[in-house]
Structure formats: structure tokens, C-alpha cells
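Following: one structure in C-alpha cells, then a few remarks.
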Amino acid sequence: MNIRAIIQKIKSSFNHQEEELSNEAVLKFLRVLESVREEDASCDEVYAKIDEYVEKEVDKKDAAQLMPLVREHLDLCSECFEEYEALLDILDKTSKEEK
Ligand SMILES: [Zn+2]
């Protein structure tokens, strides 16, 4: 998603009505957007789903397709990504030992 393009769109739509309003309105909107995104996939939520995600990946299922919010969060959050890599490493070794 291109945040810059969205802001530009909002700005121009506000400019048609009332020019002075635009910056403040955009800032307010961005804050709402941020809080929504945090709720979308917080670290806690992702942590709770990481093992499920990694299991899918080890099973050669398309984990990113099945759980796009987790994938998106892993791209953005290095803490969760480290947790994911560690789990992947463990599960990978475990599944090889089983065979
Ligand atoms: Zn995180």
C-alpha cells in the first residue's frame, strides 16, 4: 500500500473544501490509520500465531498466502522476525530428524 499516494489523495480532497484544514486533518487521519494498523497485527497477536505460521511453512504450504497479516508484520518487525527465524530453525531440524 502506498501511504504517500493516500495522503496526497486525502490532501487534495480536503483542499477542494477548505485549504487550512488539510494538514491537521491528514495528521488526524494518519493517527487513526496507525492505531488501526496496530490492532490489525500487533506483536502479541503475531507471537500467538507464529508457530502456526512456521508449521505451515515447514509443511510447504503457502504460509504467506494463508496468513498475510503475519507475513506483513514479519516484514516490518525485526523482533517478531527473529522469533520466527528461531522457530523455523527448530521446527526445520525437528521435521528432518523425524524422517
Ligand atoms: Zn512484532
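The values are calculated or read from the model by the stated rules, or taken from the named source; none is laboratory data. Being a predicted model, the structure only gives us computed values, none of them experimental. Cβ coordinates were reconstructed from backbone atoms using ideal geometry, including for glycine residues, and neighbour counts include every protein chain displayed. Quick note on the areas: whole protein, heavy atoms, side chains included, nothing else; ligands and nucleic acids left out. Shrake-Rupley method; radii C 1.70, N 1.55, O 1.52, S 1.80 Å.
Would the stretch 41-58 turn up any residue that is at pLDDT below 80 and under 17 Å from the mean Cα position of the chain (by Cα)?
Looking through the stretch 41-58, at least one residue is at pLDDT below 80 and under 17 Å from the mean Cα position of the chain (by Cα).
Can you work out which of the residues in the stretch 46-70 that are assigned to a helix (DSSP H, G or I) and of a type in the set (K, R) is nearest to E34 (Cα to Cα)?
The residue in question is K49.
Residues checked against (1) without any contact (Cβ under 8 Å) to a residue 40 or more places away in the chain; (2) under 18 Å from C43 (Cα atoms); (3) of a type outside the set (A, V, I, L, M, F, W, C); (4) part of a helix (DSSP H, G or I):
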{"site": "E72", "(1), (2), (3), (4)": "yes, yes, yes, yes"}
{"site": "E79", "(1), (2), (3), (4)": "yes, yes, yes, yes"}
{"site": "E85", "(1), (2), (3), (4)": "yes, yes, yes, yes"}
{"site": "L88", "(1), (2), (3), (4)": "yes, yes, no, yes"}
{"site": "D92", "(1), (2), (3), (4)": "yes, no, yes, yes"}
{"site": "E97", "(1), (2), (3), (4)": "yes, no, yes, yes"}
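Identify, from the list L21, L33, L88, the residue that is open to solvent by less than 100 Å² (accessible area, probe 1.4 Å) and at pLDDT 80 or above.
It is L88.
Collect the residues in the stretch 81-99 that are closer than 14 Å to E57 by Cβ and within 11 Å of the ligand (Cβ to nearest atom), keeping them in residue-number order.
F81, E83, Y84, listed by residue number.
For the stretch 44-70, enumerate the residues that are within 12 Å of the ligand (Cβ to nearest atom) and either touching a residue at least 12 places away in the same chain (Cβ under 8 Å) or surrounded by 11 or more Cβ atoms within 10 Å (Cβ to Cβ) (or both). Don't jump to the end; show me each part of the working.
Kept after step one, since they are within 12 Å of the ligand (Cβ to nearest atom), are these residues of the stretch 44-70: 44-50, 69-70.
E45, V46, Y47, A48, K49, I50, L69, V70 - these are the residues of the stretch 44-70 that are within 12 Å of the ligand (Cβ to nearest atom) and either touching a residue at least 12 places away in the same chain (Cβ under 8 Å) or surrounded by 11 or more Cβ atoms within 10 Å (Cβ to Cβ) (or both).
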